[in-house]
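Down below is the structure, laid out as structure tokens.
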Amino acid sequence: MLYLIGLGLGDEKDISLKGLEAVKKCSQVYLEAYTSLLSTGLRLSALEELYGRPVILADREMVEQEVEQILEQARTSDIAFLVVGDPFGATTHSDLVVRARKMGIEVKVIHNASVMNAVGICGLQLYRFGEAVSIPFFTETWKPDSFYDKIKANRLLGLHTLCLLDIRVKEPSIESLCRGKKVYEPPKFMTINTAIEQLLQIETNRAESVYNSDTTCVGLVRLGSEAQKIVVGSMRELLTVDFGPPLHCLIIVGNTHPIEDEMLEFFAMPKACFNAQNCTD
């Protein structure tokens, strides 16, 4: 059996009881560590203490190049593949399921909270969201803007847009690849501030008036953890906020319902309620 187990968003304690029971009976436990990270940081020791067994860190190279080895193990024993958030928050995990089933391996999925539904804590109603977009880091030679068209389509319909921000973990540098020997860059996590700067740069280039510096957005960081912060303001205002450590995401707000407006007011600048658990203080 191959178990795909969602860990939720906060820390090692967010795993479900069903997920924990599955982990404890597996002979090998892998933690996927490149599509997302626990909000409080990657703490293998905490996971291992709770689970009572070693946890193998599965980085991008292992998942993409050595996945067959993991699946071969699942032919004869129970294998756990842990995913931060929900197992189907990234297409990588759908591919893993397809491969496993083609090999005749039984797959069991144990779901958990993900950023896709946790963002509802800011008060925006989930059924009023359009297509989510991913915003990658710009480089000197590569400034992609294909997601701009998706944001435009959402805004024409009055829908909110969830922007998932780039994380780069164990990425080889271009220079090292040219030399034929991989040297990995330090981990890099996009901030809300960088995302907004890039979005405004794209709007300047495209000039289609999809949004501007006065457009209302929601900045959400470290969702599901005790250090969670939520701030509502214009793009211009959010650029002035220090959101702190990762992980960050951003919502470009569309047309709002009066109840959404009331909820957003709790988090509005300058009296922003940074910790959602204390928003009635």
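I need the full set of residues from segment 73-115 which are more than 21 Å from the chain's Cα centre (by Cα), without any contact (Cβ under 8 Å) to a residue 40 or more places away in the chain and over 20 Å from Arg53 (Cα atoms), in order please. Give the steps one after another, and end with the answer.
As a first pass, look at segment 73-115 and keep what is more than 21 Å from the chain's Cα centre (by Cα): 73-79, 98-108.
Still in the running and without any contact (Cβ under 8 Å) to a residue 40 or more places away in the chain: 75-76, 98-99, 101-104.
Within segment 73-115, Arg75, Val98, Arg99, Arg101, Lys102, Met103, Gly104 qualify.
For segment 200-252, what are the residues that are of a type in the set (Val, Ile, Thr) and in contact (Cβ under 8 Å) with a residue 12 or more places away in the chain? So that I can check it myself, show each step before the final result.
Within segment 200-252, the first condition is being of a type in the set (Val, Ile, Thr), and the residues that meet it are 202, 204, 210, 215-216, 218, 221, 230-232, 240-241, 251-252.
Correct list: Ile202, Val210, Thr215, Thr216, Val218, Val221, Ile230, Val231, Val232, Val241, Ile251, Ile252.
Taking only segment 45-92 into account, find how many residues are of a type in the set (Gly, Ala, Ser) and open to solvent by 40 Å² or more (accessible area, probe 1.4 Å). Quick ask: steps written out before the conclusion?
Initially, segment 45-92 is screened for residues of a type in the set (Gly, Ala, Ser), giving 45-46, 52, 58, 74, 77, 80, 85, 89-90.
Of the ones still in play, those that are also open to solvent by 40 Å² or more (accessible area, probe 1.4 Å) are 45, 52, 89.
Residues in segment 45-92 being of a type in the set (Gly, Ala, Ser) and open to solvent by 40 Å² or more (accessible area, probe 1.4 Å): 3 in total.
Select from segment 165-182 the residues that are of a type in the set (A, V, I, L, M, F, W, C) and open to solvent by 50 Å² or more (accessible area, probe 1.4 Å) and write down the one among them that is modelled with the lowest pLDDT.
The qualifying residue modelled with the lowest pLDDT is Leu177.
Give segment 181-233 a look and list any residue that's of a type in the set (Gly, Ala, Ser) and in a loop (DSSP other than H, G, I, E, B), or say none. Let's see the steps before the verdict.
From segment 181-233, those of a type in the set (Gly, Ala, Ser) are 195, 207, 209, 213, 219, 224-225, 227, 233; that's our starting set.
Passing the criteria: Ala207, Ser209, Ser213, Gly224, Ser225, Ala227.
The values are calculated or read from the model by the stated rules, or taken from the named source; none is laboratory data. Predicted, not measured: the structure shown is a model, and the values here were computed from it. Quick reminder, even Gly has a Cβ in these numbers, built from the backbone with ideal geometry, and neighbours come from all protein chains shown. Only protein heavy atoms, including side chains, enter the accessible area calculation; ligands, DNA and RNA are left aside. Shrake-Rupley method; radii C 1.70, N 1.55, O 1.52, S 1.80 Å.
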